[in-house]
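First the structure, in the form of structure tokens, and then the observations on it.
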Amino acid sequence: MEIIDEAVRRKRTSFSPGRIYVLAYKPDENRALLLEQRGLRVAFGGLDDFVAALDRNASSTLTSVATDDILSFFPHLRPTTVDIPHAATLGNTDVTRMFYGSPPTYSDITNDLTFERDALALMRNYFEVDDALAVYVLGVAGVGKTTLCRQFLINAFRTGSHAWEHVEGTDLKSSLWASLAERLKTSGERGYLYVDNAHKYIREINELVDLLSASSNRCLKIVISTTLEQWSYRTKSPNLFVFGKRIDIRRLSRSEIQRLLDLFDFNSSISSLVEKEFSGFSRQERQRRLEQKCEADFFVCLKNIFSNELLDEIVLKEFAGLRKNYQEIYKTLSALEASGLKLHRQMIIRMLGIPMGDISDILNDLDGMVVENTVNKSLGIYAWSGRHIVISEIIMKSKFSAESEIADLYDKFVDLVNPTFDIERLNLMELCARRGLGRLASRDRQNSILAKIISKAPTLRVPRHRLIDNLIRMGRYERAANEIRIFESDMRADAPLLRFKINLSLERARHSAGLMTEDRITLVRNAATMSRKSLERFPDDTSLHEIYCDSGIQFMRLSGDWSVADDAIKLFHDHSADSLDPEFSRAYAKYQLKFQQIQAGT
């Protein structure tokens, strides 16, 4: 501010007709408003924004590059990419935040504030295989997936490779990464790209994997991580199974617990945070407690290491110490984040009526509890998140214990959503999942909110799927059939809709009162016919194979005829032999056993 005041003073005393422009790296709307009232022009931006703006107006022919940085050839990737060697030197370490659940920064890792996971050696060894293309790391929240992958990237650049991480919330440009891979191949170099929460970018990842496979290019390796729940039901490229390796992160091994204890014993910045009662035990007793009492779960281990109380209580005491208005912000953000939504500043402002001028103070006062990241500066979209999803779950369960409270929150969210923004359309789809509306026991309340979502964003398929599924489960077959007709009228039928249509026939055959056996057989035969035709369109859909088998079983029980069941299990077997997806093979094995048990009379 002193420099700005001096510039204003000199302009005033010199009677200069020019204007003063202020370029600020860190956005501060309140300060900008004050400066503009004094006649100054204010703009926010950094080097990434500057390079991206230049690139939009640049010549299509690149004449020269005065740097060895390969990203300079692809300036559109710069704003969406973290360069690991640079990130490792930033010095933004935060031990307290990290050991309360947030993933470590690259600076944390280079400063030896993490311990090595056993899976790190697996990743290193696998990528030494000539044809290796990708590693996908799966596990529950808070188990250390991001830490492991970032440790691997630090190791990669230390051994002479390029290493990058995709910035979550930005577009993953698969075609540009494929072009970068070609440049790596030309120069004889190797690079690694890490994508966290990969389920959000599964289409782009499939596309990139297919491009690299088709060109036989292994100079760009892909590292991805996500939760098993989000991964299992999404369609993956077969090349990911052929040229990729799955690594599951679960409980800590004995050697990992030893390294974790070494970290606490020999790093003073961490040992000072360890709860005194835990640190008072002998080394052997501490290891025993982590292995047995905590069952080697990483997050539970941290709970016991850093406090003799449950982490839930620590979080709730922290919440109780906040001012009332901050409690409302924190619990709303936590509840929606725990429901799978990606919140941003404007949505919180809309929901709670927060004055724009208070935002800076809120972020300062809730530093470490509420985190803001830029998603799209030009549109004014800044993502808000809590400290960790597990902590958000704790807050939600405590502060929204009544179902009506969380249902009212969802209602309010849908009322205020703006579906013209991609981030808010994505949130509407996420709200339909198990973590969102699935929390409500009342299907009527679910359906009411789903109807609102459909009205707000009629082109979204997911809320229509969920509404139809609910109606079938509730036995409201006519309404379900009507919703299916509306769906088919508005847009082309997809695999989930076909499954619901088949299931509707099966459920009517099972539960409709007053039907003769021959009527029920006709309904099941129709379901089987629809299943067979649907599999011609979607031969790799596991759920369609399962429902075809269910149709065969139901048809056999009503008519005694095994022909439909035999065809269903044979088709399942044929596709299982060709499928590289282990989930598909497991589903086939389950139905094969089920058929054998029925035939054996067990």
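The values are calculated or read from the model by the stated rules, or taken from the named source; none is laboratory data. Since this is a predicted model, take the numbers as computed values, not measurements. Note: ideal-geometry Cβ built from the backbone for every residue, glycine included; neighbour counts use all protein chains shown.
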Legend entry - helices (runs of 4 or more DSSP H) contained entirely in segment 312-404, each with at least 1 residues that are of a type in the set (D, E) and out of contact with any strand residue (DSSP E or B) (no Cβ under 7 Å at 6 or more places or on another chain): 324-338, 359-365, 389-399
Inset, instruction - May I ask you to list pairs of residues, at least six apart or on different chains, whose Cβ atoms are under 7 Å apart, with the first in segment 17-36 being closer than 21 Å to E372 by Cβ and the second being modelled with pLDDT of 75 or more and surrounded by 15 or more Cβ atoms within 10 Å (Cβ to Cβ)? - result: A24/V42; A24/F44; P27/F44; A32/V42
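Scan P463, P458 and give me the residue that is surrounded by fewer than 21 Cβ atoms within 10 Å (Cβ to Cβ) and of a type outside the set (S, T, Y). Write out each step before concluding.
Numbers: P463 fails: surrounded by fewer than 21 Cβ atoms within 10 Å (Cβ to Cβ).
Step by step, each of P463, P458 is checked, and only P458 is surrounded by fewer than 21 Cβ atoms within 10 Å (Cβ to Cβ) and of a type outside the set (S, T, Y).
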Inset, instruction - Could you list all residues from segment 72-101 that are buried (at least 17 other Cβ atoms within 10 Å of the Cβ), modelled with pLDDT under 70 and part of a loop (DSSP other than H, G, I, E, B)? - result: F99, Y100, G101
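Residue-wise test of (1) out of contact with any helix residue (DSSP H, G or I) (no Cβ under 6 Å at 6 or more places or on another chain); (2) within 26 Å of G552 (Cβ to Cβ); (3) outside the structural domain of V524 (by TED's automatic domain parsing).
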residue	(1), (2), (3)
L471	no, yes, yes
A480	no, yes, yes
R485	yes, no, yes
M491	yes, no, yes
R499	no, yes, yes
I502	no, yes, yes
S505	no, yes, yes
R510	yes, yes, yes
Inset, instruction - Scan segment 515-535 and report the pairs whose first residue is assigned by TED's automatic domain parsing to the domain that holds I553 and whose second residue is loosely packed, with under 15 Cβ neighbours inside 10 Å and at pLDDT 95 or above, with Cβ atoms within less than 6 Å and a gap of 6+ or a chain change. - result: none
Inset, instruction - Among the residues of segment 27-58, write down those that are loosely packed, with under 10 Cβ neighbours inside 10 Å and at pLDDT below 75. - result: R56, N57
Legend entry - Near pairs, Cβ below 7 angstrom, 6+ apart or cross-chain, from segment 427-455 (in contact (Cβ under 8 Å) with a residue 60 or more places away in the chain and closer than 12 Å to L341 by Cα) to any residue that is acidic (D, E) and part of a helix (DSSP H, G or I): G436/E430
Inset, instruction - Test each condition in (1) closer than 30 Å to P27 by Cα; (2) buried (at least 20 other Cβ atoms within 10 Å of the Cβ); (3) out of contact with any Gly (no Cβ under 7 Å at 6 or more places or on another chain) for I472 and report the one that comes out false. - result: (1)
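With respect to L260, determine if the residue is outside the structural domain of P79 (by TED's automatic domain parsing), aliphatic (A, V, I, L, M) and under 23 Å from A88 (Cα atoms). Walk me through it before giving the result.
Values: outside the structural domain of P79 (by TED's automatic domain parsing): yes; aliphatic (A, V, I, L, M): yes; under 23 Å from A88 (Cα atoms): yes.
Yes, satisfied.
Within the bounds of segment 500-512, is there any residue that is buried (at least 20 other Cβ atoms within 10 Å of the Cβ) and among the charged types (D, E, K, R)?
The answer is yes, given that some residue of segment 500-512 is buried (at least 20 other Cβ atoms within 10 Å of the Cβ) and among the charged types (D, E, K, R).
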Inset, instruction - Could you please give the count of residues in segment 312-365 that are basic (K, R), crowded, with 16+ Cβ neighbours inside 10 Å and free of Cβ contacts under 8 Å to residues at least 60 places away in the same chain? - result: 1
